[in-house]
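A.B. asks: Shown below is the structure under consideration.
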């Protein structure tokens, strides 16, 4: 009798263990830890975050997604600062656009020309047009040289004419830009005053001075640019 009771007891313990094991069967779901962020060279070159800074700032504790969100926010701020900076910087753009290395282009500023002697002004232009490598243009930003020429007749106290005076100023044509504002800007190169007894001699002096000074400088600059643009890179 005791023997049967022992066997039944053992059987009950065995069945209970099996049922308990089935009840505690592990779940098939696996919890994956997020991939942690690691330093890479682009952090230094694009954001100034060195490997040491990455570590000391605790960025290694961020996940890849968290670091990506942070970098996106930093990049957006950088672009905002660049845009604000570009709006507050005053810039200058000088010289002909486009540059023609075969010709020196001259623009005559006719401001205040009403009282100038047309015979001398037109004579200077005509002489310049006769030069094969010189061209008169009517857009200042296409020119290498901007010229302001004012000529007057000299008279004595009694009103008798005895000669002619010319003021010749040359400029490098420039354009300024400041935020949304832009406009023309003159960079003074030279200013000369000539005195002559006749209109013909004054025209010769003006053209000769332009040719040997400003025009020759532009020729040399064109030659340098032409040579550098033709060299293989």
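For every residue, the table says whether it meets (1) touching a strand residue (DSSP E or B) at 6+ places or on another chain (Cβ under 6 Å); (2) at pLDDT 90 or above; (3) over 27 Å from residue 194 (Cβ atoms); (4) not assigned by TED's automatic domain parsing to the domain that holds residue 179.
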site: 81; (1), (2), (3), (4): no, no, yes, yes
site: 101; (1), (2), (3), (4): no, no, yes, no
site: 105; (1), (2), (3), (4): yes, yes, no, no
site: 108; (1), (2), (3), (4): yes, yes, no, no
site: 114; (1), (2), (3), (4): no, no, no, no
site: 120; (1), (2), (3), (4): yes, yes, no, no
site: 123; (1), (2), (3), (4): no, yes, no, no
site: 128; (1), (2), (3), (4): yes, yes, no, no
site: 132; (1), (2), (3), (4): no, yes, no, no
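A.B. asks: Right, next: Would you confirm, using the coordinates I've provided, whether residue 91 is within 30 Å of residue 229 (Cα to Cα), touching a strand residue (DSSP E or B) at 6+ places or on another chain (Cβ under 6 Å) and surrounded by 10 or more Cβ atoms within 10 Å (Cβ to Cβ)?
C.D. replies: Values: within 30 Å of residue 229 (Cα to Cα): yes; touching a strand residue (DSSP E or B) at 6+ places or on another chain (Cβ under 6 Å): yes; surrounded by 10 or more Cβ atoms within 10 Å (Cβ to Cβ): yes.
Taking the combined requirement at face value, the residue satisfies it.
A.B. asks: Identify, by number, the condition in (1) crowded, with 18+ Cβ neighbours inside 10 Å; (2) in contact with a helix residue (DSSP H, G or I) (Cβ under 9 Å, 6 or more places away or on another chain) that residue 143 doesn't meet.
C.D. replies: Checking residue 143 against (1) crowded, with 18+ Cβ neighbours inside 10 Å; (2) in contact with a helix residue (DSSP H, G or I) (Cβ under 9 Å, 6 or more places away or on another chain), the one that fails is (2).
A.B. asks: Would you check if there is a residue in the stretch 58-68 being without any contact (Cβ under 8 Å) to a residue 12 or more places away in the chain, loosely packed, with under 10 Cβ neighbours inside 10 Å and outside the structural domain of residue 179 (by TED's automatic domain parsing)?
C.D. replies: Yes, there is a match, as at least one residue in the stretch 58-68 is without any contact (Cβ under 8 Å) to a residue 12 or more places away in the chain, loosely packed, with under 10 Cβ neighbours inside 10 Å and outside the structural domain of residue 179 (by TED's automatic domain parsing).
A.B. asks: If you scan the stretch 191-229, which residues turn out to be within 21 Å of residue 167 (Cα to Cα), loosely packed, with under 14 Cβ neighbours inside 10 Å and either within 35 Å of the chain's Cα centre (by Cα) or outside the structural domain of residue 173 (by TED's automatic domain parsing) (or both)?
C.D. replies: If the condition is that a residue be within 21 Å of residue 167 (Cα to Cα), loosely packed, with under 14 Cβ neighbours inside 10 Å and either within 35 Å of the chain's Cα centre (by Cα) or outside the structural domain of residue 173 (by TED's automatic domain parsing) (or both), then 191, 212, 216 are the ones that fit.
A.B. asks: In this structure, does residue 45 turn out to be modelled with pLDDT of 85 or more, in a helix (DSSP H, G or I), touching a strand residue (DSSP E or B) at 6+ places or on another chain (Cβ under 9 Å) and over 30 Å from residue 129 (Cβ atoms)? Steps first, answer last, please.
C.D. replies: Working: modelled with pLDDT of 85 or more: yes; in a helix (DSSP H, G or I): yes; touching a strand residue (DSSP E or B) at 6+ places or on another chain (Cβ under 9 Å): no; over 30 Å from residue 129 (Cβ atoms): yes.
Taking the combined requirement at face value, the residue does not satisfy it.
A.B. asks: I've got another one for you. Among residues belonging to the stretch 89-104 that are part of a loop (DSSP other than H, G, I, E, B) and in contact with a helix residue (DSSP H, G or I) (Cβ under 6 Å, 6 or more places away or on another chain), point out the one that is nearest to residue 143 (Cα to Cα).
C.D. replies: Taking the stretch 89-104 as the starting set, the residues that turn out to be part of a loop (DSSP other than H, G, I, E, B) are 89, 95-103.
Adding the requirement that they be in contact with a helix residue (DSSP H, G or I) (Cβ under 6 Å, 6 or more places away or on another chain) leaves 96-97, 101.
Numbers: 96: 5, 97: 8, 101: 12 Å.
Top of the filtered list is 96.
A.B. asks: Shifting gears a bit: Among the residues of the stretch 105-127, is there at least one that is touching a residue at least 40 places away in the same chain (Cβ under 8 Å), part of a helix (DSSP H, G or I) and within 17 Å of residue 213 (Cα to Cα)?
C.D. replies: Within the stretch 105-127, one or more residues are touching a residue at least 40 places away in the same chain (Cβ under 8 Å), part of a helix (DSSP H, G or I) and within 17 Å of residue 213 (Cα to Cα).
A.B. asks: Being at pLDDT below 90, in contact with a strand residue (DSSP E or B) (Cβ under 9 Å, 6 or more places away or on another chain) and buried (at least 18 other Cβ atoms within 10 Å of the Cβ) narrows it down to one of 184, 96, 161, so name that one.
C.D. replies: Details: 184 fails: buried (at least 18 other Cβ atoms within 10 Å of the Cβ); 161 fails: buried (at least 18 other Cβ atoms within 10 Å of the Cβ).
After applying the criteria, what remains is 96.
The values are calculated or read from the model by the stated rules, or taken from the named source; none is laboratory data. The model shown is predicted, which means the values in this text are computed figures rather than measured ones. In this analysis, Cβ positions are derived from the backbone assuming ideal geometry, glycine residues included, and neighbour counts consider all displayed protein chains.
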